[in-house]
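Notes to accompany the following structure.
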Amino acid sequence: MPLKNKGWIVEVFVTLKASVLDPQGTAVQRALHSMGYTSLTGARLGKYFRLHFIPGLHRTEVEKQARRMCEKLLVNPVIEQYHLKINREGKRSA
């Protein structure tokens, strides 16, 4: 099936930088340990965004716009980092 008429989906994964303490992650880890999951060595929480873009845009433009959105609103660059997964609608993410 041709994908030329499909829009884009950008998944944005935001996490705290390694140097930033994550008290919520620590609380989750402790709770899971108390439930018997003692092999867990750490937990860090983050944010997830799923952005939909119109068909017709080139992949590089979609990435450029998504990065701008992250830098201007979705991510606090002082304490957070992010990475993107970009796919056509209907295509499964790896």
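When each of Arg67, Arg30 is tested for being closer than 30 Å to Asn5 by Cβ, without any contact (Cβ under 8 Å) to a residue 24 or more places away in the chain and not in a loop (DSSP other than H, G, I, E, B), the lone residue that passes is Arg67. The set of residues in the stretch 2-27 that are outside any strand (DSSP E or B) and touching a residue at least 24 places away in the same chain (Cβ under 8 Å) comprises Leu3, Lys4, Asn5, Lys6, Gly7, Lys17, Val20.
Can you tell me how many residues in the stretch 72-94 are closer than 30 Å to Gln29 by Cβ and either out of contact with any Phe, Trp or Tyr (no Cβ under 7 Å at 6 or more places or on another chain) or part of a loop (DSSP other than H, G, I, E, B) (or both)?
12
Residue-wise test of (1) within 16 Å of Glu89 (Cβ to Cβ); (2) not charged (D, E, K, R).
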{"site": "Gln24", "(1), (2)": "no, yes"}
{"site": "Leu32", "(1), (2)": "no, yes"}
{"site": "Gly42", "(1), (2)": "no, yes"}
{"site": "Gly56", "(1), (2)": "yes, yes"}
{"site": "Lys64", "(1), (2)": "no, no"}
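Selection over the stretch 1-12 of residues that are surrounded by 15 or more Cβ atoms within 10 Å (Cβ to Cβ) and among the aliphatic types (A, V, I, L, M) gives a count of 3.
Scanning the stretch 34-64 for residues that are touching a residue at least 24 places away in the same chain (Cβ under 8 Å) and among the aromatic types (Phe, Trp, Tyr) yields Tyr48, Phe49, Phe53.
Scanning the stretch 53-75 for residues that are surrounded by fewer than 11 Cβ atoms within 10 Å (Cβ to Cβ) and not basic (Lys, Arg) returns Ile54, Gly56, His58, Thr60, Leu73. Of the candidates Thr26, Thr15, Thr38, the single residue that is loosely packed, with under 10 Cβ neighbours inside 10 Å and farther than 16 Å from Ile86 by Cβ is Thr38.
Values in this text are rule-based calculations from the coordinates and carry no lab data. A quick note: this is a predicted structure, and the numbers were derived from the prediction, not measured. Glycine also receives a Cβ, built like all others from the backbone with ideal geometry; neighbour counts cover every protein chain displayed.
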